[in-house]
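The values are calculated or read from the model by the stated rules, or taken from the named source; none is laboratory data. All of these numbers come straight from a predicted model, not from anything done at the bench. For neighbour counting, all protein chains shown are included, and Cβ atoms are generated from backbone atoms with ideal geometry for every residue, glycine included. The area values use the complete protein model at the heavy-atom level, side chains included, leaving out ligands, DNA and RNA. Shrake-Rupley method; radii C 1.70, N 1.55, O 1.52, S 1.80 Å.
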Amino acid sequence: MKKAVFIRNASQLVTLRGTSNAPRVKGEMSELGIIENGSLWIEDGIIQAVGTDQELMARVNGRLTEADMVDASGKLVTPGLVDPHTHLVFAGSRENEFNMRLQGSTYMEIMNKGGGIHATTRATKAASHEELFQQSYTRLNQFLLHGVTTLEAKSGYGLEWETERKQLEVAKQLNEQHPIDIVSTFMGAHAIPKEYKDRPDDFVQLLIKQMIPKAAEWGLAEFNDVFCEKGVFTPEQAKIILEAGKYFGLMPKIHADEIEPYKGAELAAEIGAISADHLLKASEIGMKAMAEKGVVGVLLPGTAYFLMAESANARKMIDLGVPVALSTDCNPGSSPTISLPFIMNLGCLKMGMTPAEVITAATINAAHAINRSKDIGSLEVGKKGDVTIFNCENYMKLQYSYGVNHTDTVIKNGRVVVKDGHLAGPFSRP
Ligand code: NIG
Ligand code: FE
């Protein structure tokens with residue numbers, strides 16, 4: 001393998017150059033920084049030059065033999081996609097619950113009867129580290145084949161330390177062994193275990209006194225997330241849990257206002273969360289507070305689609321100045337998908353976002369939601385050589401021609417890992 005990759009002559013090279021200091025809001029979300037006939041030189045894993053093909057040829061002409069050449073003519077080149085909210089590491093699947101929901105049961109009813117998150121918790125407890133690793137590795141390959149080069153992964157299917165730790169350790173090993181970069185979140189506050197049903201505050205104490213300190217001290221997570229929802233954790237409990245995380249150096253994230261309005265968005269702003277996710281039922285006051293504090297709204301229209309609920313009001317959030325990001329929420333209950341491009345299509349058709357805004361939401365704003373905006377999310381000199389090439393002449397077509405995987409080539413850290421829509425490299429089988 002050569003030490004450089006030279007991507008040449010894209011019909012559109014979406015750079016998203018410019019503001020990396022703060023997530024993009026309002027009109028900034030539509031500024032894609034497109035270069036027509038664009039080229040990109042990556043060396044030692046880092047982007048070294050970006051410009052028109054003519055400009056780059058003038059600069060690197062004498063060095064062409066040093067680089068692997070990728071012909072992007074007629075294609076769309078974007079920053080590698082970033083998925084800022086997944087429950088990647090889990091065992092089992094819940095198609096039986098899908099069937100029940102199609103016949104009228106609700107997500108919360110199923111959970112309250114011991115299914116839902118509890119069902120996946122049982123399966124994840126029973127699975128060995130190796131089994132979880134294999135299953136998650138396969139999932140990661142699918143993410144990569146759909147253009148994702150970095151994703152966030154949460155624990156939360158243990159609800160006790162040993163299994164939470166197992167999930168986080170699997171995520172750590174996946175980060176080391178799979179090309180996709182994984183950013184970890186501790187989410188022991190994903191549900192109240194059955195044995196704590198009548199004394200949830202005792203579980204909160206267990207989280208803040210034992211599990212959160214361990215997750216932080218063992219260096220297994222950067223973020224701390226909580227499912228703040230009627231019947232799960234109250235805003236008061238969520239605040240205690242997130243403040244404890246902050247004390248131990250874990251940045252707060254919240255599953256907020258997903259099923260019922262519960263002032264989750266307000267809480268996110270109050271405690272300075274890096275993101276508030278879901279927000280289907282967020283109030284206008286909450287949205288304004290998020291905008292003021294720069295809390296990224298991570299929207300998950302796949303979850304609304306799969307739960308047959310009305311999507312979050314992305315249009316309103318963007319107009320109010322909330323920086324919006326998009327994510328799959330990949331999990332076995334409310335969003336069993338790995339396709340971020342499909343989620344981007346839902347962003348357009350179900351949430352009133354434009355094709356330009358959804359690209360920003362799945363790249364630079366997603367990078368902000370996981371504190372990685374200095375390294376990824378745009379194609380600029382000095383950033384990681386993470387690039388996705390789609391078989392589309394322009395960015396609008398990526399959303400217009402929907403339900404199709406347009407991913408042609410993926411480059412991760414300057415290495416071609418997907419070629420002609422197939423995994424390229426020995427990592428495809430762990
Ligand atoms: O983001 N809402 C809580 N957590 C997940 C669902 C997890 C599950 O159902 O297994 C979510 O929707
Ligand atoms: Fe989630």
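Things to note:
- All positions within segment 149-190 that are under 15 Å from Thr328 (Cβ atoms), within 16 Å of ligand 2 (Cβ to nearest atom) and open to solvent by less than 10 Å² (accessible area, probe 1.4 Å): Leu151, Glu152, Ala153, Lys154, Val183, Thr185
- Pairs meeting the criteria (first residue in segment 75-97 and at pLDDT below 95, second residue open to solvent by 10 Å² or more (accessible area, probe 1.4 Å) and within 12 Å of ligand 1 (Cβ to nearest atom), beta carbons under 6 Å, at least 6 apart or on different chains) are lacking.
- Residue in segment 102-122 that is more than 16 Å from ligand 1 (Cβ to nearest atom), loosely packed, with under 15 Cβ neighbours inside 10 Å and more than 26 Å from Glu229 (Cβ to Cβ) present: no
- Selection within segment 66-96 - within 16 Å of ligand 2 (Cβ to nearest atom), under 19 Å from Ile359 (Cα atoms) and out of contact with any helix residue (DSSP H, G or I) (no Cβ under 7 Å at 6 or more places or on another chain): His85, Thr86
- Taking the numbered list (1) farther than 21 Å from Asn21 by Cα; (2) of a type in the set (A, V, I, L, M, F, W, C); (3) within 13 Å of ligand 1 (Cβ to nearest atom) in turn, Ala276 passes all entries but (1).
- Single residue of segment 100-131 satisfying the filter (in contact (Cβ under 8 Å) with a residue 40 or more places away in the chain and in contact with a Ser or Thr (Cβ under 7 Å, 6 or more places away or on another chain)) that is farthest from Val417 (Cα to Cα): Tyr107
- Residue match in segment 234-256 (condition: within 17 Å of Ala312 (Cβ to Cβ) and open to solvent by 60 Å² or more (accessible area, probe 1.4 Å)): no
- Check on Leu206, within 29 Å of Glu260 (Cβ to Cβ) and either hydrophobic (A, V, I, L, M, F, W, C) or open to solvent by 10 Å² or more (accessible area, probe 1.4 Å) (or both): yes
- Elements of the type helices (runs of 4 or more DSSP H) sitting completely within segment 218-310 and holding at least 1 residues that are within 16 Å of ligand 2 (Cβ to nearest atom) and modelled with pLDDT of 95 or more: these cover 235-247, 264-271, 301-306.
- Taken residue by residue, segment 325-339 has no member that is within 16 Å of ligand 1 (Cβ to nearest atom), open to solvent by 40 Å² or more (accessible area, probe 1.4 Å) and in contact with a Leu (Cβ under 8 Å, 6 or more places away or on another chain).
- Close pairs (6 angstrom Cβ cut-off, 6 or more residues apart or separate chains): more than 18 Å from His146 (Cα to Cα) and within 16 Å of ligand 2 (Cβ to nearest atom) in segment 329-358, open to solvent by 10 Å² or more (accessible area, probe 1.4 Å) and of a type outside the set (Phe, Trp, Tyr) anywhere: Pro332/Ser93; Pro332/Arg94; Gly333/Arg94; Ser334/Leu307
- Of all the criteria given as (1) within 16 Å of ligand 1 (Cβ to nearest atom); (2) in contact with a helix residue (DSSP H, G or I) (Cβ under 9 Å, 6 or more places away or on another chain), the one not satisfied by Thr303 is (2).
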